[in-house]
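*Asks:* What follows is a structure written as structure tokens; I'll ask about it next.
The values are calculated or read from the model by the stated rules, or taken from the named source; none is laboratory data. Treat the numbers as computed from the prediction; the structure is a model and nothing was measured. Positions of Cβ are backbone-derived with ideal geometry, glycine not excepted, and every protein chain shown enters the neighbour counts.
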Amino acid sequence: MGKSEPQLPLNHRRHHQQQPQNRHQSSFFVQCSTGFSRIARLFSFKCVFVLLLSVAVSLSAIFSLLHLHHGRSGFDAKDSVKHGATVQAYFRLEKPVSFLIPQITRLEYDINDEIGVPGTQVAVLSMHESGSSNWTDVVFGVLSKPMNSPINSVSLSVLRSSLVELFTQSSNLTLTKSIFGTPSSFEILKFLGGITIIPKLSIPVWMLPQVLFNFTLYNSLREIEENFLELEEQLKSGLHLMPYESVFVQVTNKGGSTKHPPVTVQASVMSALGGLDPQRLKELAQEIRGSPPAKNLGLDHAVFGKVKEISLSSYLYHSLDAPTPILSPAPAPAPSPDQMGPTISPSPDVRPYRSLPPSSPPAMDPSCGGSPGPSHHALPPLAPPNLPPLPAVSYGSSPHQKKGLQKGLAPSPHSVLPSSSSEHGDLWRILCPVLFILITLHIL
């Protein structure tokens with residue numbers, strides 16, 4: 001058998017395997033150092049410095065371009081400022097945003113001069129391009145001063161009135177015209193406590209009638225303002241108001257926005273004849289409660305959407321318990337003069353029987369206390385003899401006045417003269433022929 005080859009130790013074999021690898025790594029470092037040395041020979045220190053400076057300038061230019069692009073796209077205030085503005089509003093300016101950004105301080109000063117109230121400050125919250133490069137949307141806010149304290153309630157009320165007047169165009173927001181031009185499209189975006197407007201108000205606020213009912217519409221205050229005439233006419237038709245009755249509405253957005261829905265409509269009814277009586281209030285309450293949902297209080301679904309959350313005020317709700325009035329019977333007709341008994345009209349100057357025709361003897365009213373004598377009815381009417389005129393009877397200062405008031409009028413003593421003289425005349429007519437015959441016989 002042949003001899004086998006002697007085996008090398010294990011460590012010795014590993015040493016022989018690592019030697020080629022070490023040689024390869026050392027050759028790589030030699031090649032790198034050779035390359036760097038060649039580069040160093042080609043470029044001097046001055047060239048390296050210029051290269052580094054060029055890179056720095058390039059980076060600076062890149063950041064400048066990014067900043068310029070940001071300025072052209074708009075401006076936004078810090079989040080802390082935006083969250084601290086409990087009152088926010090919006091308008092448009094016909095100026096490029098790049099022109100307005102350097103004028104922010106001046107713009108804040110002009111706005112504060114127009115609507116500023118004590119204890120507040122105005123801050124521009126954002127500026128952004130509005131569709132066209134020549135128009136800019138501006139949002140500003142009113143913050144308390146200092147920011148951590150709430151705005152005084154009186155100042156808040158004055159500020160609310162000012163912003164509502166700007167929204168309804170009762171007044172204008174005046175800025176430095178040479179810089180900003182004329183603002184347009186004013187809107188209130190946020191107001192603590194909500195915003196209420198009364199569209200097309202024609203009477204003083206203190207003369208508004210009491211609210212009768214309210215309901216909710218998914219519209220904005222701006223949409224209600226633009227379609228108010230339709231809302232008024234359709235409500236009058238839906239409630240079946242009389243021609244002399246009119247409707248007034250107050251529209252509220254609880255978030256204080258004129259741009260976003262929904263709104264609560266508070267409606268009142270006023271009559272040109274005065275206040276509404278309980279029966280008319282009851283009719284209105286029944287009409288509102290009985291209105292089917294499809295009727296929508298008479299409002300057009302395409303314009304105002306669906307009416308929701310209809311509710312009566314406590315004043316109108318209690319009118320449902322008012323009793324229905326009962327018609328009272330007609331008064332009895334007054335008796336005709338023929339059915340009434342004879343009456344005597346007192347007169348300060350009474351001349352009894354003198355003005356009556358001689359053919360009809362005077363008749364006394366038994367109620368006056370006198371009673372006609374039997375001779376008045378028994379004897380035929382005779383012409384009175386030639387007697388002196390009767391004196392006028394006055395009851396003003398006569399002592400018999402009290403007796404007349406207590407016992408009635410007594411016949412005057414002269415009133416019996418016509419009766420007694422007529423009796424003597426009849427007797428004399430009978431005796432004259434007899435005496436004439438006796439005298440004649442006596443002479444013969």
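*Asks:* Taking the range 118-142 only, how many residues are hydrophobic (A, V, I, L, M, F, W, C) and either surrounded by fewer than 19 Cβ atoms within 10 Å (Cβ to Cβ) or assigned by TED's automatic domain parsing to the domain that holds Gly256 (or both)?
*Replies:* Summing the residues that are hydrophobic (A, V, I, L, M, F, W, C) and either surrounded by fewer than 19 Cβ atoms within 10 Å (Cβ to Cβ) or assigned by TED's automatic domain parsing to the domain that holds Gly256 (or both) in the range 118-142 gives 1.
*Asks:* Given the criterion free of Cβ contacts under 8 Å to residues at least 40 places away in the same chain, in contact with a Ser or Thr (Cβ under 8 Å, 6 or more places away or on another chain), under 22 Å from Ile288 (Cα atoms) and charged (D, E, K, R), identify the matching residue among Glu233, Glu245.
*Replies:* Matching residue, one of Glu233, Glu245: Glu245.
*Asks:* Here's another thing I want to ask about it. Confirm whether Ile151 is in the same structural domain as Leu281 (by TED's automatic domain parsing), β-branched (Val, Ile, Thr) and modelled with pLDDT under 95.
*Replies:* Judged against the criteria, Ile151 is not a match.
*Asks:* Looking only at the range 199-222, which residues are within 15 Å of Val164 (Cα to Cα), crowded, with 17+ Cβ neighbours inside 10 Å and not basic (Lys, Arg)?
*Replies:* Across the range 199-222, the qualifying residues are Pro199, Ser220, Leu221.
*Asks:* Find the helices (runs of 4 or more DSSP H) located wholly in the range 148-253 whose residues include 3 or more that are over 22 Å from Gln266 (Cα atoms), and list them.
*Replies:* Answer list for the range 148-253: 153-167, 177-180.
*Asks:* Could I ask something else about it? Looking at (1) farther than 19 Å from Gly256 by Cβ; (2) out of contact with any Ser or Thr (no Cβ under 8 Å at 6 or more places or on another chain), which one does Val154 not meet, given that it meets all the others?
*Replies:* Condition not satisfied by Val154: (1).
*Asks:* Select, from Leu166, Leu156, Leu173, the only residue that is in contact with a Phe, Trp or Tyr (Cβ under 6 Å, 6 or more places away or on another chain) and surrounded by 13 or more Cβ atoms within 10 Å (Cβ to Cβ).
*Replies:* Leu166
*Asks:* While we're on this one: Here are Lys282, Lys306: which of them is surrounded by 15 or more Cβ atoms within 10 Å (Cβ to Cβ) and in contact (Cβ under 8 Å) with a residue 24 or more places away in the chain?
*Replies:* None of the other options fit; the residue is Lys282.
*Asks:* While we're looking at this one, here's another question. List the number of the failed condition for Val211; all other conditions in (1) closer than 28 Å to Ser311 by Cβ; (2) of a type in the set (A, V, I, L, M, F, W, C); (3) in the same structural domain as Leu100 (by TED's automatic domain parsing) hold.
*Replies:* It is condition (3) that Val211 fails.
*Asks:* Checking the structure you have, find out if any residue of the range 121-137 is under 33 Å from the mean Cα position of the chain (by Cα) and part of a helix (DSSP H, G or I).
*Replies:* no
*Asks:* Asn112 passes all but one of (1) in contact with a strand residue (DSSP E or B) (Cβ under 7 Å, 6 or more places away or on another chain); (2) in contact (Cβ under 8 Å) with a residue 12 or more places away in the chain; which number fails?
*Replies:* So the condition that Asn112 fails would be (2).
*Asks:* Looking at Lys82, Lys95, which one is in contact (Cβ under 8 Å) with a residue 40 or more places away in the chain, among the basic types (Lys, Arg), in contact with a helix residue (DSSP H, G or I) (Cβ under 7 Å, 6 or more places away or on another chain) and on the phi < 0 side of the Ramachandran plot?
*Replies:* Lys95
*Asks:* Now a separate question. Any idea which residue in the range 92-105 is nearest to Val164 (Cα to Cα), counting only those that are surrounded by fewer than 19 Cβ atoms within 10 Å (Cβ to Cβ) and under 38 Å from the mean Cα position of the chain (by Cα)?
*Replies:* Only one residue fits best here, namely Arg92.
*Asks:* Right, another one. Restricting attention to the range 254-280, and to residues there that are within 23 Å of Lys295 (Cβ to Cβ) and in a loop (DSSP other than H, G, I, E, B), which single residue is nearest to the chain's Cα centre (by Cα)?
*Replies:* Here the answer is Leu276.
*Asks:* Follow-up question, since we're still on this one. Which of (1) in a helix (DSSP H, G or I); (2) farther than 18 Å from Ile188 by Cβ; (3) touching a residue at least 24 places away in the same chain (Cβ under 8 Å) does Thr105 not meet, given it meets every other one?
*Replies:* In the conditions (1) in a helix (DSSP H, G or I); (2) farther than 18 Å from Ile188 by Cβ; (3) touching a residue at least 24 places away in the same chain (Cβ under 8 Å), Thr105 misses (3) alone.
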